[in-house]
Each structure stands twice: as C-alpha cells, then as structure tokens.
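Can you read through this structure? Questions will come right after.
The values are calculated or read from the model by the stated rules, or taken from the named source; none is laboratory data. All values derive from a computational prediction rather than experimental measurement. With ideal geometry, Cβ positions are generated from the backbone for all residues, glycine too; neighbour counts draw on all protein chains shown.
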Amino acid sequence: MTSSAPTQDRFRISFEFFPPKSAEMEGQLWEAARDLKRYNPDFVSVTYGAGGTTKAPTFAAVDKMISEVGLSTASHLTCVDADRQETHQVIEDLRALGVRHIVALRGDPSSGIGTAYVPHPDGYANAAELVSVLKADGGFEISVSAYPEKHPESADVAADVAMLKLKADNGADRALTQFFFDNDVFERYLNAVHRAGIKIPVIPGIMPIQNLTQLKRFAGRCGSSVPSFLDARFAGYDDKPEERAKVAADVAAEQVEDLIRRGIHEFHFYTMNRAPLTAAVLENLGRLPNEKAQAGAAA
Ligand code: FAD
C-alpha cells in the first residue's frame with residue numbers, strides 16, 4: 001500500500017509499551033522506545049499491573065522513559081487490589097517521577113479475566129471513581145479506556161457508553177480504545193458516543209498484527225473480534241516471516257488510512273514493545289522518522 005499524501009503531520013500518534021519481565025525483554029523495550037521516538041509521538045504510555053505484574057516494573061519503565069529516553073510519558077494506573085491510601089501513594093509516587101498524564105483504569109480481576117471483578121473494600125470501584133480522584137488531586141492529564149465492541153462485562157454498548165460518559169463527566173480528557181479491526185464497528189460506536197453527548201476525543205487503538213494465531217488467542221478476552229478477512233490476508237505466510245510482516249504493515253496502514261478518510265487524525269499504537277512493524281505501518285502512511293524527513297526536506 002502506498003500513501004496518498006505523505007506529510008509529517010497528517011495525523012498524530014502515541015505508542016503503548018508494557019514493562020519488561022526479563023533482561024532480554026528489557027533490551028527490546030528500550031530499543032523499541034528509542035527507535036519509535038524518531039516518529040515524534042505526542043506521548044507514549046506504559047501499562048500497569050497487566051498480566052499480574054506489580055507496580056515496581058511500571059515505575060522503573062516510566063522513570064527511564066522520561067529521564068533517559070526523553071519521551072512525554074503517561075503511566076497507566078488501575079484500582080486492582082489497592083485501598084484508597086495505596087492508590088493515593090502511587091499517584092504521588094508517579095507525580096514525583098515527573099508523570100503528568102495518567103491512563104486511569106479499573107483493571108482486570110486479579111483472580112483472572114472472566115472471573116467477577118471484586119473491588120477492594122476500601123478502594124475505588126471503577127475507572128470513573130479513579131478519574132474523579134485524579135481530577136481532584138490536580139496536575140494530571142487523564143486518559144481512559146473505551147471499547148468499540150463493548151467491554152466483555154458490559155451488558156450492552158449502551159451500558160458501555162454510559163460508563164464512558166461518566167468518566168468524561170468526571171474529568172477525563174480523552175479515551176483510548178481497545179484494539180479493533182472493523183472500522184464500521186468503530187464508526188457506529190463513535191456515533192453512539194456523540195449521541196450520548198460525550199465530547200472528549202476517542203482515539204482508536206491500532207494493533208499491528210505480529211502473529212495472527214497468538215492474536216486470536218487473546219483478542220476474545222479483550223472483547224475484540226478478529227474478522228475473517230484477516231485469515232485471507234495472512235493465508236500462506238505462516239513460514240514466510242518477511243512477507244508476513246509486509247502484509248501486517250499493509251493491513252494496519254490500510255485501517256489507519258480508512259479511518260483518516262472517515263475524519264480521524266489521532267491514533268494510539270499497541271507496539272508490543274517492538275519497533276519494526278509499527279515503524280513500517282507509519283512509513284506506509286508517509287510518516288517518516290526524523291532523519292528521513294530531514295533528508296527529504298533537504299533534497
Ligand atoms: P471501566 O471503565 O471501569 O469499565 C469498563 C466497562 O466495563 C464499562 O463500560 C462497564 O460498563 C463495564 N463494567 C465494569 N465493571 C462492571 C461490572 N462490575 N459489571 C458490569 N459491567 C462492568 N489493564 C491493566 O491491568 N493494566 C493496564 O495498563 C491496562 N491498560 C489498558 C489500556 C487501554 C487503552 C485499554 C482499552 C484497556 C487497558 N487495560 C489494562 C484493560 C482494562 O483494565 C480491562 O479491560 C478492565 O477489565 C476494565 O478496566 P476499565 O478501566 O476499562 O474499566
């Protein structure tokens with residue numbers, strides 16, 4: 001796929017990373033963060049507590065992202081298993097690290113996705129409560145989650161949109177969506193969001209597909225469907241990693257290009273802590289890293 005009008009600022013971007021769980025993953029994260037910095041994201045974000053990790057790896061990754069890599073960094077924060085005092089302490093610890101942007105979440109039950117979420121008896125029950133607290137504390141930009149295909153625990157899309165409205169009314173500045181692959185679904189969701197009077201930007205979460213088989217394994221738990229056209233696009237490339245990567249970059253770039261045509265100009269990329277695929281998507285869209293953009297401008 002080729003881009004129609006390559007410009008550096010046709011759309012805005014942010015990148016999501018997760019804290020590394022091993023020395024090897026540590027190296028991979030910092031290589032990815034430094035590589036992707038060259039594409040000038042508005043901000044990056046670091047997940048919190050996902051997959052049973054504790055807060056320490058998030059603190060360490062956020063600290064390094066700000067102080068060494070020099071990226072504007074949002075920390076995710078969940079309410080899972082924390083009483084109010086602990087949550088306040090984490091907020092102040094993040095502030096001390098220089099964090100000025102928090103992605104405020106309820107989080108998944110520590111007993112496992114699919115089990116009933118039980119809030120800490122002295123803690124915050126959901127993301128909307130956490131947003132209120134962050135707003136009252138002050139000094140933070142606040143992002144929240146949104147689910148174009150509804151959260152698996154939500155009775156229906158209306159209940160989901162009602163929760164987003166509460167989060168916006170309580171002070172959220174923007175929503176970042178769960179990943180999805182059907183832009184019609186996203187557009188219908190956005191229409192429902194607008195009909196509900198929600199004014200904050202809802203930024204699509206884009207997941208370039210590193211591995212379709214693995215993606216299918218966890219997409220269901222996230223409430224994201226994997227349309228059958230993706231099977232057709234990736235068919236025959238199982239043992240051809242280079243061609244598969246090209247298809248993956250084309251698929252994500254086509255999704256973004258179509259969303260741009262529908263009027264969306266800001267995207268949150270799930271990088272999975274790897275730069276090459278996200279970089280290929282961006283370059284397909286005409287978004288070049290600084291050195292290539294400068295060389296192009298000088299030529
Ligand atoms: P909320 O916004 O509080 O609720 C989400 C939806 O679930 C609501 O629409 C509501 O209708 C429904 N719901 C919630 N509780 C109930 C209930 N008891 N009964 C019925 N319906 C209910 N997880 C992590 O652990 N760490 C992360 O860093 C992280 N980052 C994320 C970033 C993004 C952009 C997204 C989209 C998700 C992320 N998650 C993360 C996953 C998230 O924690 C889970 O999806 C979690 O189950 C819900 O958290 P939330 O903040 O979306 O919840």
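For every residue, the table says whether it meets (1) assigned to a loop (DSSP other than H, G, I, E, B); (2) in contact (Cβ under 8 Å) with a residue 40 or more places away in the chain; (3) within 13 Å of the ligand (Cβ to nearest atom).
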| position | (1), (2), (3) |
| --- | --- |
| Asp9 | yes, no, no |
| Glu24 | no, no, no |
| Asp81 | yes, yes, yes |
| Gly123 | yes, yes, yes |
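While we're on this one: Just to be sure I understand the filter: pairs with C-beta atoms under 8 Å, separated by 6 or more residues or on different chains, first member in the stretch 148-167 and farther than 12 Å from Ala128 by Cα and part of a helix (DSSP H, G or I), second member more than 7 Å from the ligand (Cβ to nearest atom) and aliphatic (A, V, I, L, M). Which pairs pass?
Val157/Ala192; Ala158/Ala192; Val161/Ala192; Val161/Val193; Val161/Ala196; Val161/Ile198
Tell me yes or no: at least one residue of the stretch 243-253 is surrounded by 19 or more Cβ atoms within 10 Å (Cβ to Cβ), under 27 Å from His101 (Cα atoms) and in contact (Cβ under 8 Å) with a residue 60 or more places away in the chain.
no
In the stretch 99-121, what residues are out of contact with any strand residue (DSSP E or B) (no Cβ under 7 Å at 6 or more places or on another chain), in contact (Cβ under 8 Å) with a residue 24 or more places away in the chain and within 13 Å of the ligand (Cβ to nearest atom)?
Within the stretch 99-121, Asp108, Ser110, Ile113, Gly114, Tyr117, Pro119 qualify.
Please count how many residues of the stretch 38-79 are of a type in the set (A, V, I, L, M) and within 11 Å of the ligand (Cβ to nearest atom).
4
I'm trying to understand the selection: among the residues of the stretch 41-57, which are within 15 Å of Ala275 (Cα to Cα) and surrounded by fewer than 17 Cβ atoms within 10 Å (Cβ to Cβ)?
Residues satisfying the conditions do not exist here.
Does Glu153 count as surrounded by fewer than 22 Cβ atoms within 10 Å (Cβ to Cβ), out of contact with any Ser or Thr (no Cβ under 8 Å at 6 or more places or on another chain) and closer than 27 Å to Gly112 by Cα? It would help to see each step written out before you state the result.
Numbers: surrounded by fewer than 22 Cβ atoms within 10 Å (Cβ to Cβ): yes; out of contact with any Ser or Thr (no Cβ under 8 Å at 6 or more places or on another chain): yes; closer than 27 Å to Gly112 by Cα: yes.
For Glu153, the condition - surrounded by fewer than 22 Cβ atoms within 10 Å (Cβ to Cβ), out of contact with any Ser or Thr (no Cβ under 8 Å at 6 or more places or on another chain) and closer than 27 Å to Gly112 by Cα - is met.
Another question about this same structure. Return a yes/no flag: does the stretch 168-185 have any residue that is in contact with a Cys (Cβ under 6 Å, 6 or more places away or on another chain), of a type outside the set (D, E, K, R) and in a strand (DSSP E or B). Talk me through it step by step, then tell me what you get.
We begin by selecting, within the stretch 168-185, every residue in contact with a Cys (Cβ under 6 Å, 6 or more places away or on another chain); these are 178.
Of the ones still in play, those that are also of a type outside the set (D, E, K, R) are 178.
Retained after the next criterion (residues that are in a strand (DSSP E or B)): 178.
Yes, the stretch 168-185 has at least one match.
Can you pull out every residue in the stretch 135-150 that is within 16 Å of Gly107 (Cα to Cα) and either of a type outside the set (Ser, Thr, Tyr) or more than 15 Å from the ligand (Cβ to nearest atom) (or both)? Let's see the steps before the verdict.
Kept after step one, since they are within 16 Å of Gly107 (Cα to Cα), are these residues of the stretch 135-150: 142-147, 150.
Selection gives Ile142, Val144, Ala146, Lys150.
Hey, another quick one. Scan the stretch 49-78 residue by residue and report those that are at pLDDT 95 or above and either under 16 Å from Ser110 (Cα atoms) or in a loop (DSSP other than H, G, I, E, B) (or both).
Result: Gly70, Leu71, Ser72, Leu77, Thr78.
Just to be sure before I move on: is Ser132 in contact with a Leu (Cβ under 9 Å, 6 or more places away or on another chain), at negative phi and either in a strand (DSSP E or B) or without any contact (Cβ under 8 Å) to a residue 40 or more places away in the chain (or both) in the structure I sent?
Numbers: in contact with a Leu (Cβ under 9 Å, 6 or more places away or on another chain): no; at negative phi: yes; either in a strand (DSSP E or B) or without any contact (Cβ under 8 Å) to a residue 40 or more places away in the chain (or both): yes.
Considered against the rule, which asks whether it is in contact with a Leu (Cβ under 9 Å, 6 or more places away or on another chain), at negative phi and either in a strand (DSSP E or B) or without any contact (Cβ under 8 Å) to a residue 40 or more places away in the chain (or both), Ser132 comes out as no.
Can you work out which of the residues in the stretch 83-121 that are aliphatic (A, V, I, L, M) and assigned to a strand (DSSP E or B) is surrounded by the fewest Cβ atoms within 10 Å (Cβ to Cβ)?
The extreme case among them is Ile113.
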